[in-house]
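*Asks:* Structure below; questions to follow.
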Amino acid sequence: MKLKAPKDMIFLVVDDIDNMRRSIKAMLKLLHFGKEFYEAANGREALPLLKDENITIDFIICDYNMPYMSGTELLGQIRASKRLRDIPFLMVTAEANMDVVAEAAENDVDAYLTKPFVTATLEQKVLELLNQSNNPSPYNQLLLQVRTREENGDFDGAIDAAREAAKLNDRSSKPYRDMGRLCGKKGDLKKAQLCFERAVEINRLDVSSYHALGQIYFRQGKVEMAMENFKRAMEISPRHVDRAVNFAKLLINKKQLPEAEKVLRLALKTKSNDLDFKEEIGNVCNDCGLGGLAVKCYREVFKAAPERAYLNKKIGIALYAVGEYNEAVKVLEKVAEKAPEDIELFLALGKAYFSMKRLILADQWVSKVLRLDPSHKEARAILNKCL
(Lines give C-alpha, C1' and ligand atoms only; values in the text may rest on other atoms or scores of the structure.)
Protein backbone atom coordinates (compact mmCIF):
# COMPACT_ATOMS: atom_id res chain seq x y z
CA MET A 1 0.00 0.00 0.00
CA LYS A 2 1.31 3.42 -0.97
CA LEU A 3 2.09 5.82 1.85
CA LYS A 4 0.45 9.21 2.14
CA ALA A 5 2.06 12.33 0.70
CA PRO A 6 4.31 14.07 3.29
CA LYS A 7 1.88 16.98 3.67
CA ASP A 8 -0.91 14.60 4.70
CA MET A 9 1.10 12.53 7.18
CA ILE A 10 0.86 12.35 10.95
CA PHE A 11 4.38 12.57 12.41
CA LEU A 12 5.58 11.30 15.78
CA VAL A 13 8.73 13.04 17.07
CA VAL A 14 10.48 11.26 19.95
CA ASP A 15 13.36 12.98 21.76
CA ASP A 16 14.12 13.63 25.42
CA ILE A 17 15.24 17.21 24.67
CA ASP A 18 12.35 19.65 24.30
CA ASN A 19 14.27 22.02 22.05
CA MET A 20 15.15 19.19 19.68
CA ARG A 21 11.51 18.15 19.34
CA ARG A 22 10.50 21.75 18.67
CA SER A 23 13.29 22.19 16.10
CA ILE A 24 12.29 19.05 14.19
CA LYS A 25 8.64 20.11 14.16
CA ALA A 26 9.60 23.58 12.96
CA MET A 27 11.66 22.09 10.12
CA LEU A 28 8.80 19.80 9.08
CA LYS A 29 6.35 22.70 9.07
CA LEU A 30 8.77 24.80 7.01
CA LEU A 31 8.81 21.96 4.48
CA HIS A 32 5.01 21.74 4.59
CA PHE A 33 5.39 18.18 5.88
CA GLY A 34 2.81 16.91 8.31
CA LYS A 35 -0.89 17.41 8.81
CA GLU A 36 -0.59 16.63 12.53
CA PHE A 37 2.20 16.09 15.05
CA TYR A 38 2.63 14.05 18.21
CA GLU A 39 5.55 14.23 20.63
CA ALA A 40 7.11 11.96 23.23
CA ALA A 41 10.16 12.40 25.48
CA ASN A 42 11.23 8.74 25.25
CA GLY A 43 10.18 5.37 23.92
CA ARG A 44 8.11 4.58 26.99
CA GLU A 45 5.96 7.67 26.37
CA ALA A 46 5.77 6.98 22.63
CA LEU A 47 4.42 3.43 22.90
CA PRO A 48 0.94 4.33 24.23
CA LEU A 49 0.51 6.79 21.34
CA LEU A 50 1.51 4.14 18.84
CA LYS A 51 -0.73 1.50 20.40
CA ASP A 52 -3.75 3.82 20.51
CA GLU A 53 -5.97 2.54 17.69
CA ASN A 54 -7.63 5.97 17.43
CA ILE A 55 -4.29 7.45 16.33
CA THR A 56 -2.60 6.53 13.05
CA ILE A 57 1.07 7.47 13.02
CA ASP A 58 2.47 7.62 9.49
CA PHE A 59 6.13 8.51 10.16
CA ILE A 60 8.43 8.35 13.20
CA ILE A 61 11.49 10.53 13.81
CA CYS A 62 13.21 9.23 16.93
CA ASP A 63 16.37 9.95 18.90
CA TYR A 64 18.67 7.04 19.70
CA ASN A 65 19.83 7.92 23.21
CA MET A 66 16.93 8.49 25.62
CA PRO A 67 16.14 7.49 29.23
CA TYR A 68 13.67 4.74 30.18
CA MET A 69 13.42 3.35 26.63
CA SER A 70 15.98 4.12 23.92
CA GLY A 71 15.31 4.58 20.23
CA THR A 72 16.39 1.06 19.34
CA GLU A 73 14.30 -0.44 22.14
CA LEU A 74 11.28 1.44 20.81
CA LEU A 75 12.13 0.29 17.28
CA GLY A 76 12.26 -3.31 18.47
CA GLN A 77 8.77 -2.97 19.96
CA ILE A 78 7.48 -1.45 16.70
CA ARG A 79 9.01 -4.14 14.50
CA ALA A 80 7.41 -6.80 16.71
CA SER A 81 3.91 -5.41 16.05
CA LYS A 82 2.11 -6.35 12.82
CA ARG A 83 0.09 -3.13 12.97
CA LEU A 84 3.09 -0.85 13.49
CA ARG A 85 6.07 -2.58 11.90
CA ASP A 86 5.88 -0.92 8.49
CA ILE A 87 5.82 2.67 9.76
CA PRO A 88 8.87 4.49 8.33
CA PHE A 89 11.37 5.03 11.16
CA LEU A 90 14.11 7.68 10.93
CA MET A 91 16.70 7.32 13.69
CA VAL A 92 18.45 10.47 14.91
CA THR A 93 21.88 9.94 16.48
CA ALA A 94 24.59 12.18 17.91
CA GLU A 95 27.12 9.91 16.20
CA ALA A 96 26.71 6.73 14.19
CA ASN A 97 29.26 4.72 16.19
CA MET A 98 29.69 0.98 16.18
CA ASP A 99 27.15 0.00 18.83
CA VAL A 100 24.49 2.38 17.47
CA VAL A 101 24.84 0.97 13.96
CA ALA A 102 24.79 -2.62 15.26
CA GLU A 103 21.70 -2.14 17.42
CA ALA A 104 19.79 -0.25 14.74
CA ALA A 105 20.67 -2.82 12.07
CA GLU A 106 19.44 -5.63 14.30
CA ASN A 107 16.03 -3.96 14.47
CA ASP A 108 15.97 -3.01 10.77
CA VAL A 109 16.15 0.77 11.11
CA ASP A 110 15.09 2.44 7.87
CA ALA A 111 17.53 5.39 7.87
CA TYR A 112 19.84 7.50 10.05
CA LEU A 113 20.14 11.22 10.54
CA THR A 114 23.21 12.46 12.40
CA LYS A 115 23.02 15.54 14.63
CA PRO A 116 23.34 18.40 13.96
CA PHE A 117 21.36 18.60 10.73
CA VAL A 118 19.60 21.25 8.69
CA THR A 119 16.16 21.39 7.10
CA ALA A 120 17.40 20.35 3.67
CA THR A 121 19.02 17.20 5.11
CA LEU A 122 15.83 16.28 6.96
CA GLU A 123 13.82 16.77 3.77
CA GLN A 124 16.19 14.55 1.79
CA LYS A 125 16.07 11.74 4.37
CA VAL A 126 12.29 11.79 4.70
CA LEU A 127 11.77 11.72 0.94
CA GLU A 128 14.38 8.97 0.46
CA LEU A 129 12.73 6.85 3.12
CA LEU A 130 9.26 7.34 1.65
CA ASN A 131 10.55 6.43 -1.80
CA GLN A 132 12.10 3.23 -0.40
CA SER A 133 8.79 2.32 1.23
CA ASN A 134 6.68 3.08 -1.84
CA ASN A 135 9.10 1.52 -4.32
CA PRO A 136 10.90 -1.35 -2.57
CA SER A 137 13.89 -2.76 -4.42
CA PRO A 138 13.82 -6.40 -5.59
CA TYR A 139 16.06 -7.18 -2.62
CA ASN A 140 13.64 -5.62 -0.11
CA GLN A 141 10.71 -7.30 -1.82
CA LEU A 142 12.38 -10.66 -1.22
CA LEU A 143 12.94 -9.79 2.45
CA LEU A 144 9.24 -9.00 2.73
CA GLN A 145 8.53 -12.41 1.18
CA VAL A 146 10.74 -14.00 3.86
CA ARG A 147 8.62 -12.40 6.55
CA THR A 148 5.29 -13.24 4.92
CA ARG A 149 6.16 -16.86 4.18
CA GLU A 150 7.53 -17.38 7.68
CA GLU A 151 4.33 -16.00 9.21
CA ASN A 152 2.35 -18.38 7.04
CA GLY A 153 4.41 -21.31 8.33
CA ASP A 154 6.21 -21.83 5.00
CA PHE A 155 9.76 -22.03 6.37
CA ASP A 156 11.19 -23.65 3.25
CA GLY A 157 9.70 -20.93 1.06
CA ALA A 158 11.04 -18.28 3.43
CA ILE A 159 14.53 -19.81 3.25
CA ASP A 160 14.34 -19.84 -0.56
CA ALA A 161 13.40 -16.14 -0.58
CA ALA A 162 16.27 -15.33 1.80
CA ARG A 163 18.67 -17.28 -0.43
CA GLU A 164 17.55 -15.25 -3.46
CA ALA A 165 17.96 -12.03 -1.47
CA ALA A 166 21.53 -13.03 -0.61
CA LYS A 167 22.28 -13.44 -4.33
CA LEU A 168 21.01 -9.91 -5.03
CA ASN A 169 22.99 -8.30 -2.22
CA ASP A 170 26.11 -10.17 -1.21
CA ARG A 171 27.17 -7.32 1.13
CA SER A 172 24.27 -7.75 3.53
CA SER A 173 24.29 -10.27 6.37
CA LYS A 174 20.55 -10.08 6.91
CA PRO A 175 19.53 -12.83 4.43
CA TYR A 176 22.00 -15.23 6.04
CA ARG A 177 20.85 -14.21 9.51
CA ASP A 178 17.26 -14.91 8.45
CA MET A 179 18.25 -18.24 6.94
CA GLY A 180 20.06 -19.18 10.14
CA ARG A 181 17.08 -18.28 12.28
CA LEU A 182 14.71 -20.22 10.01
CA CYS A 183 16.96 -23.29 9.91
CA GLY A 184 17.09 -23.13 13.70
CA LYS A 185 13.28 -23.11 13.83
CA LYS A 186 13.28 -26.21 11.64
CA GLY A 187 15.73 -27.88 14.02
CA ASP A 188 18.62 -27.97 11.54
CA LEU A 189 21.33 -26.50 13.80
CA LYS A 190 24.17 -27.50 11.46
CA LYS A 191 22.79 -25.39 8.60
CA ALA A 192 21.83 -22.64 11.04
CA GLN A 193 25.42 -22.50 12.29
CA LEU A 194 26.80 -22.25 8.74
CA CYS A 195 24.39 -19.40 7.94
CA PHE A 196 25.25 -17.42 11.06
CA GLU A 197 28.96 -17.97 10.45
CA ARG A 198 28.51 -16.60 6.94
CA ALA A 199 26.59 -13.63 8.35
CA VAL A 200 29.45 -12.59 10.65
CA GLU A 201 31.96 -13.06 7.82
CA ILE A 202 30.01 -10.49 5.81
CA ASN A 203 29.26 -8.15 8.70
CA ARG A 204 31.57 -8.14 11.71
CA LEU A 205 28.98 -6.03 13.58
CA ASP A 206 26.14 -8.55 13.26
CA VAL A 207 25.50 -8.95 16.97
CA SER A 208 22.41 -11.12 16.53
CA SER A 209 24.41 -13.71 14.62
CA TYR A 210 27.18 -13.73 17.23
CA HIS A 211 24.56 -14.28 19.91
CA ALA A 212 22.91 -17.08 17.91
CA LEU A 213 26.27 -18.76 17.37
CA GLY A 214 26.93 -18.53 21.10
CA GLN A 215 23.69 -20.37 21.78
CA ILE A 216 24.42 -23.06 19.16
CA TYR A 217 27.98 -23.67 20.40
CA PHE A 218 26.71 -23.91 23.97
CA ARG A 219 24.16 -26.54 22.97
CA GLN A 220 27.00 -28.44 21.28
CA GLY A 221 29.02 -28.35 24.51
CA LYS A 222 31.61 -25.97 23.01
CA VAL A 223 31.63 -23.58 25.96
CA GLU A 224 34.79 -21.65 25.05
CA MET A 225 33.53 -20.96 21.52
CA ALA A 226 30.17 -19.92 22.94
CA MET A 227 31.89 -17.50 25.31
CA GLU A 228 33.93 -16.00 22.48
CA ASN A 229 30.78 -15.20 20.53
CA PHE A 230 28.96 -13.68 23.50
CA LYS A 231 32.08 -11.66 24.25
CA ARG A 232 32.17 -10.33 20.70
CA ALA A 233 28.50 -9.37 20.87
CA MET A 234 29.12 -7.46 24.10
CA GLU A 235 32.14 -5.66 22.66
CA ILE A 236 30.05 -4.44 19.73
CA SER A 237 26.89 -3.56 21.61
CA PRO A 238 26.62 -3.17 25.40
CA ARG A 239 22.90 -3.86 25.11
CA HIS A 240 23.79 -7.50 24.50
CA VAL A 241 25.18 -7.72 28.01
CA ASP A 242 21.73 -8.83 29.19
CA ARG A 243 21.87 -11.76 26.78
CA ALA A 244 25.33 -12.63 28.05
CA VAL A 245 24.02 -12.63 31.62
CA ASN A 246 21.34 -15.09 30.57
CA PHE A 247 24.12 -17.22 29.09
CA ALA A 248 25.99 -17.02 32.40
CA LYS A 249 22.86 -18.25 34.18
CA LEU A 250 22.77 -21.24 31.82
CA LEU A 251 26.36 -21.99 32.77
CA ILE A 252 25.43 -21.69 36.44
CA ASN A 253 22.60 -24.17 35.97
CA LYS A 254 25.13 -26.54 34.39
CA LYS A 255 27.38 -26.08 37.45
CA GLN A 256 30.08 -24.49 35.28
CA LEU A 257 30.82 -21.70 37.75
CA PRO A 258 34.34 -20.70 36.58
CA GLU A 259 33.04 -20.20 33.04
CA ALA A 260 30.00 -18.30 34.35
CA GLU A 261 32.26 -16.02 36.37
CA LYS A 262 34.32 -15.20 33.26
CA VAL A 263 31.18 -14.18 31.38
CA LEU A 264 29.89 -12.08 34.28
CA ARG A 265 33.23 -10.29 34.63
CA LEU A 266 33.13 -9.46 30.93
CA ALA A 267 29.61 -8.14 31.36
CA LEU A 268 30.66 -5.97 34.29
CA LYS A 269 33.54 -4.55 32.30
CA THR A 270 31.16 -3.56 29.53
CA LYS A 271 28.71 -1.80 31.88
CA SER A 272 31.13 -0.69 34.58
CA ASN A 273 29.25 2.54 35.39
CA ASP A 274 25.78 0.99 35.69
CA LEU A 275 25.29 0.57 39.45
CA ASP A 276 21.91 -1.17 39.19
CA PHE A 277 23.36 -3.70 36.77
CA LYS A 278 26.38 -4.23 39.01
CA GLU A 279 24.11 -4.87 42.00
CA GLU A 280 22.04 -7.32 39.93
CA ILE A 281 25.21 -9.24 39.04
CA GLY A 282 26.14 -9.24 42.73
CA ASN A 283 22.78 -10.87 43.49
CA VAL A 284 23.30 -13.49 40.77
CA CYS A 285 26.76 -14.31 42.16
CA ASN A 286 25.51 -14.42 45.74
CA ASP A 287 22.77 -16.88 44.82
CA CYS A 288 25.03 -19.28 42.94
CA GLY A 289 28.12 -19.37 45.16
CA LEU A 290 30.38 -16.85 43.42
CA GLY A 291 30.81 -14.97 46.69
CA GLY A 292 34.08 -13.26 45.83
CA LEU A 293 32.62 -11.54 42.79
CA ALA A 294 29.45 -10.74 44.77
CA VAL A 295 31.51 -8.94 47.43
CA LYS A 296 33.36 -6.99 44.75
CA CYS A 297 30.13 -5.87 43.09
CA TYR A 298 28.38 -4.88 46.31
CA ARG A 299 31.38 -2.95 47.64
CA GLU A 300 31.83 -1.01 44.42
CA VAL A 301 28.14 -0.11 44.34
CA PHE A 302 28.11 0.92 48.03
CA LYS A 303 31.22 3.06 47.57
CA ALA A 304 29.59 4.91 44.66
CA ALA A 305 26.13 5.04 46.29
CA PRO A 306 26.49 5.02 50.11
CA GLU A 307 22.76 5.60 50.48
CA ARG A 308 22.32 1.91 49.58
CA ALA A 309 23.10 0.92 53.17
CA TYR A 310 21.15 -2.35 52.78
CA LEU A 311 24.10 -3.66 50.78
CA ASN A 312 26.16 -4.03 53.96
CA LYS A 313 24.09 -7.04 54.96
CA LYS A 314 24.65 -8.58 51.51
CA ILE A 315 28.38 -7.84 51.76
CA GLY A 316 28.59 -9.53 55.16
CA ILE A 317 26.70 -12.63 54.03
CA ALA A 318 28.83 -12.89 50.88
CA LEU A 319 32.02 -12.54 52.96
CA TYR A 320 30.84 -15.40 55.18
CA ALA A 321 30.17 -17.50 52.07
CA VAL A 322 33.79 -17.16 50.91
CA GLY A 323 35.21 -17.90 54.38
CA GLU A 324 36.14 -14.34 55.35
CA TYR A 325 34.58 -14.80 58.76
CA ASN A 326 36.34 -11.99 60.64
CA GLU A 327 35.41 -9.44 57.99
CA ALA A 328 31.89 -10.85 57.80
CA VAL A 329 31.13 -10.43 61.51
CA LYS A 330 32.56 -6.89 61.56
CA VAL A 331 30.17 -5.86 58.81
CA LEU A 332 27.17 -7.83 60.04
CA GLU A 333 27.36 -6.67 63.66
CA LYS A 334 27.22 -3.04 62.53
CA VAL A 335 24.12 -3.83 60.51
CA ALA A 336 22.59 -5.74 63.43
CA GLU A 337 22.69 -2.60 65.61
CA LYS A 338 19.93 -1.17 63.39
CA ALA A 339 18.05 -4.39 62.66
CA PRO A 340 16.65 -5.81 65.94
CA GLU A 341 14.49 -8.51 64.30
CA ASP A 342 16.39 -9.67 61.23
CA ILE A 343 16.45 -13.46 61.45
CA GLU A 344 18.61 -13.92 58.33
CA LEU A 345 21.19 -11.49 59.70
CA PHE A 346 21.30 -13.10 63.17
CA LEU A 347 21.62 -16.56 61.65
CA ALA A 348 24.52 -15.42 59.45
CA LEU A 349 26.31 -14.07 62.52
CA GLY A 350 25.65 -17.28 64.41
CA LYS A 351 27.02 -19.38 61.57
CA ALA A 352 30.07 -17.14 61.13
CA TYR A 353 30.98 -17.28 64.83
CA PHE A 354 30.39 -21.03 64.89
CA SER A 355 32.76 -21.41 61.92
CA MET A 356 35.32 -19.37 63.91
CA LYS A 357 34.78 -21.76 66.89
CA ARG A 358 33.61 -18.85 69.03
CA LEU A 359 30.75 -20.85 70.47
CA ILE A 360 29.55 -18.40 73.12
CA LEU A 361 28.96 -15.69 70.50
CA ALA A 362 27.44 -18.22 68.12
CA ASP A 363 25.08 -19.29 70.91
CA GLN A 364 24.02 -15.66 71.53
CA TRP A 365 23.12 -14.97 67.90
CA VAL A 366 21.26 -18.19 67.15
CA SER A 367 19.38 -17.77 70.45
CA LYS A 368 18.12 -14.45 69.09
CA VAL A 369 16.90 -16.30 66.02
CA LEU A 370 15.07 -18.83 68.14
CA ARG A 371 13.41 -16.14 70.26
CA LEU A 372 11.90 -14.77 67.05
CA ASP A 373 11.25 -18.18 65.47
CA PRO A 374 11.34 -21.08 67.98
CA SER A 375 10.88 -23.64 65.19
CA HIS A 376 13.95 -22.53 63.19
CA LYS A 377 15.72 -25.87 62.52
CA GLU A 378 19.11 -24.54 61.37
CA ALA A 379 19.45 -22.21 64.36
CA ARG A 380 18.40 -25.06 66.72
CA ALA A 381 21.04 -27.37 65.18
CA ILE A 382 23.80 -24.79 65.71
CA LEU A 383 22.67 -24.14 69.28
CA ASN A 384 22.75 -27.86 70.07
CA LYS A 385 26.34 -28.03 68.80
CA CYS A 386 27.30 -25.09 70.98
CA LEU A 387 26.13 -26.77 74.20
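*Asks:* When the residues of the stretch 223-272 are narrowed to those that are surrounded by fewer than 21 Cβ atoms within 10 Å (Cβ to Cβ) and of a type in the set (S, T, N, Q), which ends up modelled with the lowest pLDDT?
*Replies:* T270
*Asks:* Okay, moving on. Of the conditions (1) among the hydrophobic types (A, V, I, L, M, F, W, C); (2) under 30 Å from M225 (Cβ atoms); (3) over 22 Å from the mean Cα position of the chain (by Cα), M356 fails just one. Which one is it?
*Replies:* M356 satisfies all of (1) among the hydrophobic types (A, V, I, L, M, F, W, C); (2) under 30 Å from M225 (Cβ atoms); (3) over 22 Å from the mean Cα position of the chain (by Cα) except (2).
*Asks:* Determine whether the stretch 234-241 contains at least one residue that is farther than 25 Å from C288 by Cα, assigned to a helix (DSSP H, G or I) and either outside the structural domain of S70 (by TED's automatic domain parsing) or without any contact (Cβ under 8 Å) to a residue 12 or more places away in the chain (or both).
*Replies:* yes
*Asks:* Being surrounded by fewer than 23 Cβ atoms within 10 Å (Cβ to Cβ) and of a type in the set (S, T, N, Q) is the filter here; which residues of the stretch 163-222 pass it?
*Replies:* Those that are surrounded by fewer than 23 Cβ atoms within 10 Å (Cβ to Cβ) and of a type in the set (S, T, N, Q): N169, S172, Q193, N203, Q215, Q220.
*Asks:* Right, here's the next one. Among what's in the stretch 126-160 and is under 29 Å from the mean Cα position of the chain (by Cα), surrounded by 17 or more Cβ atoms within 10 Å (Cβ to Cβ) and among the aliphatic types (A, V, I, L, M), pick the residue that is nearest to D188 (Cα to Cα).
*Replies:* I159
The values are calculated or read from the model by the stated rules, or taken from the named source; none is laboratory data. Predicted model, so just to flag it, every value in this text is computed and none were measured. Using ideal geometry, Cβ is built from the backbone for each residue, glycine included, and neighbour counts are taken over all protein chains shown.
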